Amino acid sequence: MRWNRWAYLLALIPLVAGAQGTKSDYQRANSLNERTADTVIFDRIKATWIAGGESFWYEKTLPGERREFIVVHAATGERRSAPDRVALRALLPADTDHKTPPGQLELTEPHASKDGGARTTITFVNRTNEEARCFWIASDGGQRAYATLKPGETFEQSTFAGHVWIVKTTADRVLGVFEATDGGGSVFLDPSPAKPSPPAKPDDLAQVPNSSEWGVLIQDHNLFIKHHQTMELVQLTHSGSPEASYSAPFHWSSDGRKLIAYRAKANTPRKIHLVESSPKDQLQPRLHTLEYPKAGDERHPPKPCLFDIAERRAIPVADALFSNAWSISEPRWAPDSSEFYFLYNERGHQRLRLLGLDAKTGAVRTVLEEQSSTFIDYSQKTFLHWLDDTGELIWMSERDGWNHLWLYDASSGTVKNQITRGKWVVRKVERVDKDRRQIWLAIAGQRPGEDPYHVHLARVNFDGTGLVVLTDGDGTHRWEFSPDRRHFLDTWSRIDKPPTTELRRADDGALICLLEEADATALLTTGWRPAERFVAKARDGHTDIHGILTRPSNFDPSQKYPVIECIYAGPHGAFVPKEWSRETRIHALAELGFIVVQIDGMGTNWRSKAFHAVAWRNVADSGFPDRIAWLQAAARKFPEIDLSRVGIFGGSAGGQSALAALLHHGDFYQAAAADCGCHDNRMDKIWWNEAWLGWPVGPHYAENSNVTHAHKLRGKLLLTVGELDRNVDPASTMQVVDALIKADKDFELLVVPGGGHGIGETPYAARRRMDFFVRHLHKVEPRASE
């Protein structure tokens, strides 16, 4: 097999022992991305389905910039090839759509990002004659600034499937909105602007069911209904004011007799001020002001209000069961209009309630409730699906210690049965088939002997029987179904194995044919070597901790190498790469004579609830006891690892952790580079910090703050921050600086004028980070010798 040639190819790579951090090391590191670009073939397949799902075609890139087009019959796996698009069209039905090029992302409307998708990329290509600014639309709807592209510039952004990106000119004209997909995609920014939907006006009539004769509008903060035929205008409320206004969305009962609207107290928005010291269009600095709610700030989400249209009155609704809302979501009427349901997420994220509001009386009952002594991971593990025909609902919960699904009787709120169970997790619900009473799932950790983070496709019956894993292969999987869902393409890989793409039958997962195995031969001949997976025990001596090691291309096992850990310990995910990738950022750092490691310690996501809950009010822990134990075990197995020289770096939450390494574990880590860190969780955005540290803000917030512990600094520290970071308030870094100065601690600081979040990954700041580690771990001046 092709993969068996790897050991041979690696053996051909020359070993160059000697000094490290040299000019040649830097040249090799800086040229890595260019040297390794387009050296892997057959690694991505973008299928275009035709003939109702009976067949599909895809394009192969061959050596020498040649192309081949493959047409596959899905049921049999029969393949036909065409050398060009003209020949391809001859093989396809005349009405086959050729409009969308493979890999090009389509325009969408602005909406919040969905979390939990696989790591992927978006390539932005700026074809305009203006600068283009790329913003990530977070799960809370806020926009976070990332890259700025000059005219004609191309930029690849690492992201996750389901994340939404909006691109604007410097004049805030929208160029496009795009949602990232598995397998990556390209965005071509053209001079013509995108056409986003116009914002709704406060007095616009709401869309209502045909059964209702009335429309709804807001005037002077109060609620009115207006008859479609007679134009009669009826005022339903008189208590609205700027301090407590009624608002959309509006939800009509199916019989058109009852209406749900919302009312919210006005929040006093917190504003932060950023000074742009060096604007491109003027000499003097510019002040930027933005709304930025922080942990503990006032919050008044809209609450539902009930109205009887026939009687032209409000029905009082007692809010005792939803008085302290972080959010109210998942609104729906019962099919018979008897109840209105909504999901109440209590502030502090330790209680979720599915509530039913009686349409006649306004009484509110608890349909079901979820509680936790730590946190409920609402942003990643909330799933609710109603089965109206049978009076049931499907609910996601970690109540048995693992993320699973449960079947409920919707009327009584009692559990009928647990649908999935075991020491593994449901990562995502793909599809609910109510007719067959089956659920399609993305799961992880279910296959013995595999990395528990590998994602597989599975199916299970509503009653918990018949669990079948539909993907095979020791790796993490992503899939694409045919339009009729009878077949799917399964692409699987590991960090040390290029992708394999297979065609499988959807009913039982049977392999129909192998489509492609990626060929990395050309990549390996550049000297690039894959990372190595390694597993060691956690602080408890029992739990497996998974990580990877990346070595330089001129690795010499007889030499000793300092170690640098790339850390991101944010509790919302797991971050060690599992899919195949060149990971040139990590490999470039390794080229300077380092072994770079990445580890998922306790407190990160997608293992057991107990594993995850280590982060509860404890983000400063960052899994360090597990990380240190892992590194010590790695050093016992790999004698080339020198634990007397250990560095660490990270950005955002990783920046917070990188500095915490020197504050709390300065006897193990000797140097840290912390970029745009949320060093004090009271200074950072409200949703992320309250999710893991809870509410109200108490002493534990200060206990987790790097500012509080700044006087404990040991080792060498580099802090980087962009002065226009709209994601993490840059004052968070500056308050650490203030505390370090007061403690008379030495450190390095790089503030980048005009820089945004993630500035540490830009060329200049990344080079400064490289130099920092060369100086302090190799004890030499960068590029001082050949």
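Points worth noting:
- Looking at region 306-358, none of the strands (runs of 3 or more DSSP E) lying wholly inside it contains 3 or more residues that are open to solvent by 40 Å² or more (accessible area, probe 1.4 Å), closer than 20 Å to L384 by Cα and modelled with pLDDT under 95.
- Those residues of region 734-750 which are under 21 Å from G647 (Cα atoms) and without any contact (Cβ under 8 Å) to a residue 60 or more places away in the chain, in sequence order: V737, L740, K745, D746, F747, E748, L749, L750
- Verdict on E450 being closer than 29 Å to R551 by Cα and either open to solvent by 10 Å² or more (accessible area, probe 1.4 Å) or part of a loop (DSSP other than H, G, I, E, B) (or both): yes
- Residue selection: G758 satisfies the criterion of being small (G, A, S), under 24 Å from the mean Cα position of the chain (by Cα) and on the phi > 0 side of the Ramachandran plot.
- Counted as qualifying within region 681-760 are the helices (runs of 4 or more DSSP H) with 2 or more residues that are under 30 Å from P301 (Cβ atoms), in contact with a Lys or Arg (Cβ under 6 Å, 6 or more places away or on another chain) and modelled with pLDDT of 95 or more, namely 686-693, 699-703.
- If you go through region 359-369 and pick out every residue that is loosely packed, with under 15 Cβ neighbours inside 10 Å, more than 15 Å from L393 (Cα to Cα) and in contact with a helix residue (DSSP H, G or I) (Cβ under 9 Å, 6 or more places away or on another chain), you end up with 1.
- Strands (runs of 3 or more DSSP E) fully within region 454-551 that include at least 1 residues being open to solvent by 10 Å² or more (accessible area, probe 1.4 Å) and within 18 Å of A444 (Cα to Cα): 455-461, 476-481, 487-494, 532-537, 544-550.
- Answer residue from region 61-77, given it is part of a strand (DSSP E or B) and surrounded by fewer than 16 Cβ atoms within 10 Å (Cβ to Cβ) and is modelled with the highest pLDDT among those: E68
- Restricting region 373-418 to residues that are in contact (Cβ under 8 Å) with a residue 60 or more places away in the chain and of a type in the set (S, T, N, Q), the residue that is nearest to N618 (Cα to Cα) is T374.
- Failed criterion for K428 (all others in (1) open to solvent by less than 30 Å² (accessible area, probe 1.4 Å); (2) part of a strand (DSSP E or B); (3) in contact (Cβ under 8 Å) with a residue 60 or more places away in the chain; (4) of a type outside the set (A, V, I, L, M) hold): (1)
- Filtering T366, T374, T420, T382 for residues that are outside any loop (DSSP other than H, G, I, E, B), at pLDDT 95 or above and of a type in the set (V, I, T) leaves a single hit, T366.
- Looking at region 106-201, the strands (runs of 3 or more DSSP E) lying wholly inside it that each contain 1 or more residues that are within 30 Å of P269 (Cα to Cα), at pLDDT 75 or above and aromatic (F, W, Y) sit at 132-137, 143-149, 154-160, 164-169, 174-179.
- Some residue of region 639-660 being of a type in the set (G, A, S), modelled with pLDDT of 95 or more and over 16 Å from L718 (Cα atoms): yes
- Looking across region 256-292, the residues that are in a loop (DSSP other than H, G, I, E, B), in contact with a strand residue (DSSP E or B) (Cβ under 9 Å, 6 or more places away or on another chain) and surrounded by fewer than 18 Cβ atoms within 10 Å (Cβ to Cβ) come down to G256, R257, A266, P269, R270, S277, P279, P285.
The values are calculated or read from the model by the stated rules, or taken from the named source; none is laboratory data. The shown structure was predicted, so the numbers you read here are calculated from the model rather than taken from an experiment. FYI the Cβ positions are ideal-geometry reconstructions off the backbone, even for glycines, and counts take in every protein chain you see. The accessibility values were calculated without ligands, DNA or RNA, using every heavy atom of the protein model including side chains. Shrake-Rupley method; radii C 1.70, N 1.55, O 1.52, S 1.80 Å.
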